[in-house]
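Below: the structure, in structure tokens.
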Amino acid sequence: MPSTTWADAQGLCTFVDASPSPFHVCATVSMLLTGNGFTELHETDSWPGEPGRYFLVRGGSLIAWSTEGVGRTAPFRIVGGHTDSPNLRVKQHPDLSSAGWQLVGLEPYGGAWLNSWLDRDLGISGRLSVRAGNTVEEKLVRVDEPILRVPQLAIHLSEDRKGVHLDPQRHLNGVWGVGADRRSFIDFVAERAEVPADAVLGWELMTHDLAPSALVGTEQDLVSAPRLDNQGTCYAGTQALLSAVERPGDQVPVLALFDHEEVGSMSDRGAFSDLLSTVLERIVLGRGGGREEFLQTMAGSICASGDMAHATHPNYPDRHEPAHHIAVNGGPVLKVNQNLRYATDAAGAGAFALACDQAGVPLQRYVHRADLPCGSTIGPITASRTGLSTVDVGAAQLGMHSSRELMGARDVRAYSDALAAFLTPTA
Ligand code: ZN
């Protein structure tokens, strides 16, 4: 494999391992951006009028853009994605015991493949709300030690040895020790976060598999990692933005990464929120433009909604549309659905196909089997919330929503190259 491609796949592994929660995804992307000349803005401040590289974080969502070298009414070229992944999250009263075991009460977030969370060494990450006098501060926390495990039932105890149905209420609690006198789990997390236990007022805590991401296969041409859906896009999109700002065109490149896609996007920071449209309008207003100029700008703008795509599974080829074979390491994927589970229309398809051609990477075209329900993305939501022309794209993977997923190592670079070309179309 070419060394630059290997470096990109290895870079994705490093990115994913650094980012066990949506909040950590934002922290990782923020670090990459600030290291490349981006300045963090806050929504409560007035924004600078001069062109530059900027980003802001709202909870587990992040928007980044560059106005360097472009006019005040330059249209936006947006790459979207989501920071969250299905997992098991900590309940509000997590301390449980059963049969002499100490348990942490967990429940699924999003459409997690529950079986994939069994018998794995799990760490904890997320954020705490911590009392500081008469205010509340946010504190990121992560514990990369095997403190939790959701144990599977022995095959001898299952009714027919064909596997068991997993009840999300009863079968997903994590063990973290035995005996009667263990302290509270939140007290433990507070200690690791180096805050007083009685100062913890709220939390969003989630589990993550501690096995490090890896390049696998004899040719190391596959990436085995958690959260590829959709950190594969968060990483490729960030790389694309960093590439795009080095060769500015006549449009404003934007990276928009949203939390809460896996649970429907309806939150203060999800794709259903005002986050993207507010930021885009403030970019125009901050540079002295008005509402009219903002609306003109939006009319010429376009969004590529990046989310992972289904590669054809070698053991289940019948689950796929037979005329739309999708290969790992076969290049980025254009996703089309006649019932608009994906937002792609002919115009969006044209823009992304052109970007792939300009980037010199092949393009694959995906449609879901007509007799199976198709998943969705932030694409249709973004399109309907903003009126932006939107195209759904992705990179191919297996095992979507498993705690451990698989994609092509060569697709990492091809995907980011295509997104970079999309962000900076050549005239
Ligand atoms: Zn996704």
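Structure notes:
- On the stretch given as the range 171-192, residues that are more than 29 Å from the chain's Cα centre (by Cα) and among the basic types (Lys, Arg) total 2.
- Qualifying positions in the range 197-215 - farther than 19 Å from Ala18 by Cβ, open to solvent by 30 Å² or more (accessible area, probe 1.4 Å) and either of a type in the set (Asp, Glu) or in contact (Cβ under 8 Å) with a residue 40 or more places away in the chain (or both): Asp198, Leu201, Trp203
- Only one of the numbered conditions (1) in a strand (DSSP E or B); (2) open to solvent by 20 Å² or more (accessible area, probe 1.4 Å) is not met by Arg369, and that is (1).
- Candidates Pro373, Pro317, Pro332: the one that is in the same structural domain as Leu398 (by TED's automatic domain parsing), free of Cβ contacts under 8 Å to residues at least 24 places away in the same chain and under 24 Å from the mean Cα position of the chain (by Cα) is Pro373.
- Selected residue (criterion: nearest to the ligand (Cβ to nearest atom)) from residues of the range 216-227 that are part of a strand (DSSP E or B) and open to solvent by 30 Å² or more (accessible area, probe 1.4 Å): Leu222
- Of all residues making up the range 380-402, the number that are in contact with a Leu (Cβ under 9 Å, 6 or more places away or on another chain) and either within 16 Å of the ligand (Cβ to nearest atom) or basic (Lys, Arg) (or both): 12
- Of all residues making up the range 228-264, the number that are within 16 Å of the ligand (Cβ to nearest atom), within 20 Å of His24 (Cβ to Cβ) and either free of Cβ contacts under 8 Å to residues at least 12 places away in the same chain or surrounded by fewer than 24 Cβ atoms within 10 Å (Cβ to Cβ) (or both): 2
- Annotation note: Cβ proximity below 6 Å between a residue of the range 294-309 that is more than 16 Å from the ligand (Cβ to nearest atom) and aliphatic (A, V, I, L, M) and a residue that is open to solvent by 20 Å² or more (accessible area, probe 1.4 Å) and at pLDDT below 95 (sequence gap 6+ or interchain) occurs for Ile302/Ser389.
- Filtered by the rule that a residue be surrounded by 16 or more Cβ atoms within 10 Å (Cβ to Cβ) and over 17 Å from Ser305 (Cα atoms), the range 338-361 gives Gln358, Ala359, Val361.
- Checklist (1) at negative phi; (2) open to solvent by 30 Å² or more (accessible area, probe 1.4 Å); (3) of a type outside the set (A, V, I, L, M) applied to Gly379, failing item: (2)
- Out of Pro248, Pro253, Pro322, one residue alone is assigned to a loop (DSSP other than H, G, I, E, B), over 21 Å from Leu372 (Cβ atoms) and either of a type outside the set (Asp, Glu) or in the same structural domain as Ala383 (by TED's automatic domain parsing) (or both). It is Pro248.
- Test: residue in the range 271-284 that is at pLDDT below 95 and in contact with a strand residue (DSSP E or B) (Cβ under 6 Å, 6 or more places away or on another chain): yes
- Criterion: within 16 Å of the ligand (Cβ to nearest atom), among the hydrophobic types (A, V, I, L, M, F, W, C) and crowded, with 21+ Cβ neighbours inside 10 Å - qualifying residue of Leu88, Leu12: Leu12
- Residue that is surrounded by the fewest Cβ atoms within 10 Å (Cβ to Cβ), among those in the range 30-75 that are touching a residue at least 40 places away in the same chain (Cβ under 8 Å) and part of a helix (DSSP H, G or I): Leu32
- Residue match in the range 22-29 (condition: in contact (Cβ under 8 Å) with a residue 60 or more places away in the chain, among the aromatic types (Phe, Trp, Tyr) and assigned to a helix (DSSP H, G or I)): yes
- Considering residues of the range 94-140 that are free of Cβ contacts under 8 Å to residues at least 60 places away in the same chain and assigned to a loop (DSSP other than H, G, I, E, B) only, the residue nearest to the chain's Cα centre (by Cα): Asp119
- Top-ranked residue in the range 385-410 [being more than 17 Å from the chain's Cα centre (by Cα) and within 27 Å of Thr218 (Cβ to Cβ); ranked as surrounded by the most Cβ atoms within 10 Å (Cβ to Cβ)]: Ala409
The values are calculated or read from the model by the stated rules, or taken from the named source; none is laboratory data. On a predicted model such as this, the values are computed, not experimentally measured, just so you know. Note that we place each Cβ from the backbone using ideal geometry, even for glycine, and neighbour counts take in every protein chain shown. Please note that ligands, DNA and RNA were not included when accessible areas were found on the heavy atoms of the full protein model with its side chains. Shrake-Rupley method; radii C 1.70, N 1.55, O 1.52, S 1.80 Å.
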